[in-house]
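Have a look at the structure below, then the notes.
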Amino acid sequence: MMPGDDKGRILADSGDSDLRHEEDRQSAEERRLRTLREYRILDTGPEAGFDRITKLVADLYDAPITLVSLVDDCRQWFKSAHGLDVPETPRDISFCQFAIAERKPVVVPDATVDPRFRDNPLVTGAPDIRFYAGVPLRAYNGDILGTLCIIDRKPRSPLTPDDIGRLEDFAAIIMAEADLRRISIERDAARRMLERALDFSGIATWQLDPRTDALRWHGAVAELWGADFETALSTAERAFARIHPEDHGVVRAVLDEAIENGTPYAVEHRILHPDRGVRWLSIRGDWDVRWNDAMLTGVSIDITEQRNRRDNDAVLMRELHHRMRNLFATVGAIISLTRHAATDVDDYVERVSNRLDALNRAQNVLLGANFLTGSMHALLREVEAAFPRVGWSGPDLELPENAVVAMALLFNELATNAVKHGALASESGSVEVHWTQGPDDDPDRQFRLVWTESGGAPISGPPGRTSFGTLLMERSVRNNLGGTIERRWEPGGLVCTVTLPARWREA
């Protein structure tokens, strides 16, 4: 180690310590100023609670000036000033800053001989301070916000410990008053925030006094119950006028039981909203006991949409149950009737599989919509995916569930026969499906679909016997759709025409 290294290290450590001390001091001052802002007291008007204390202290200590001084970043501001007309002075010439820095009472018997203050403008000029005694105003967290101080224009003897103790007691009273004020402001701000939150959340809070029947409301009451709630819902009895008549009995029974037995109140009922019609509300409440009084306090929540979804779900479940029964019946009929038409087991499995594929295409179309209806275009896209050389054109129509199944079976039988015996048996063959529907204003308008095969091997005529597939097509069109089906074997291939009353709207 070189000579002088120890001295250099000591100087460096001393510099670091000073830097940390300055950073700590700045951090403490920033926290103190934040605490002062919490009280929201700076630049507020005179308040009797503070002025009474400064007058009492001035009388008790026979002091011409008594101040409640709050020290901001660049000034000291007087919340209460007895015997002084100025509202504030710069911080850098204030006596109170020493009480903040030293965190203890500061007493100056004669400022003219105190090196800290003898050149201070407040000493050399108005208000001609000679004597000063100030005690800290400590916030709830220990930060010092300012002082309670007494000032005289002539020198005085130092205060006794008892005098300083009494002055500190008055300072504590002042801070208790300030804390009550701060808590009240925070409470009001929290209440406003809660009310805004209730407004945005769509929740209304209520409180019922069972002795007087009086109702008090907060939150989104106008949205849930109507803008006239202050008069229309001032009592529970009046509120019943807004409840749906069919729900009066249920609500009355639940309310009477809650009041009689002191049990929680919970009910869902309809109301007649003056602007929004019939709405469903969920009401929950419990007892809030205060001294000898018990208030039923609770919330109201609009559950109209949830109820509608619940009702819609019930309808969908019933419809799904109905559809499943129809589907199982259709599958059972296909399995049973295909058995009589099949030539062997392999032929039976193939025929059943093809027809179940048709039912699956129908279900895909229905699942892609709303379970209850399906798109004609969506169905033909399913058919085209299974039989790529089937082209189609026509308006998109919204078919009910039974029509989707019937048309899916029809297209499946036509396409399967075309693959085995018709145009799709040849690589050059194709099928074109086209349909039209008459105008809405035509009372006798018809739906007409034409299946046209072309490009396949020449055919000699209709088959020699009627297959189950043919019977299935005729049953689908005649029995399920109330239409007719006509098949013609032209030299270029089969032409099948389906005609039925037009009752499907465009999708």
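The values are calculated or read from the model by the stated rules, or taken from the named source; none is laboratory data. Note that the structure is a prediction, hence the values are computed from the model and not measured. Cβ placement follows ideal geometry from the backbone for every residue including glycine, while neighbour counts extend to all protein chains displayed.
The table that follows gives values for the structure above.
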| item | result |
| --- | --- |
| Answer from 410, 424, 414, 379 - the residue that is surrounded by 15 or more Cβ atoms within 10 Å (Cβ to Cβ) and under 19 Å from residue 506 (Cβ atoms) | 379 |
| Cβ-Cβ under 7 Å pairs, at least 6 apart or on other chains, region 108-130 side in contact (Cβ under 8 Å) with a residue 12 or more places away in the chain and of a type in the set (Ser, Thr, Tyr), far side buried (at least 16 other Cβ atoms within 10 Å of the Cβ) and assigned to a loop (DSSP other than H, G, I, E, B) | 112/130 |
| Positions within region 184-219 being farther than 19 Å from residue 234 by Cα and surrounded by 16 or more Cβ atoms within 10 Å (Cβ to Cβ), in sequence order | 198, 199 |
| Every residue from region 470-507 that is of a type in the set (Phe, Trp, Tyr) and either in contact with a Leu (Cβ under 8 Å, 6 or more places away or on another chain) or surrounded by fewer than 15 Cβ atoms within 10 Å (Cβ to Cβ) (or both) | 504 |
| Residue 180 under 29 Å from the mean Cα position of the chain (by Cα), in a helix (DSSP H, G or I) and over 16 Å from residue 102 (Cβ atoms) | no |
| Matching strands (runs of 3 or more DSSP E) fully within region 392-507 where at least 1 residues are more than 24 Å from residue 372 (Cβ to Cβ), at pLDDT 85 or above and of a type outside the set (S, T, N, Q) | 430-437, 446-454, 484-490, 493-501 |
| Test: residue in region 60-71 that is closer than 19 Å to residue 35 by Cα and out of contact with any strand residue (DSSP E or B) (no Cβ under 8 Å at 6 or more places or on another chain) | no |
| Check on residue 179, surrounded by fewer than 17 Cβ atoms within 10 Å (Cβ to Cβ) and either under 23 Å from residue 52 (Cβ atoms) or hydroxyl-bearing (Ser, Thr, Tyr) (or both) | yes |
| Yes/no for residue 156 being in the same structural domain as residue 75 (by TED's automatic domain parsing) and touching an Asp or Glu at 6+ places or on another chain (Cβ under 9 Å) | yes |
| Single residue of 297, 263 found to be part of a strand (DSSP E or B) and among the polar types (S, T, N, Q) | 297 |
| Qualifying residue in region 54-66 (condition: surrounded by 17 or more Cβ atoms within 10 Å (Cβ to Cβ), within 16 Å of residue 122 (Cα to Cα) and assigned by TED's automatic domain parsing to the domain that holds residue 135) | yes |
| Boolean, residue 262 is at positive phi and surrounded by 14 or more Cβ atoms within 10 Å (Cβ to Cβ) | no |
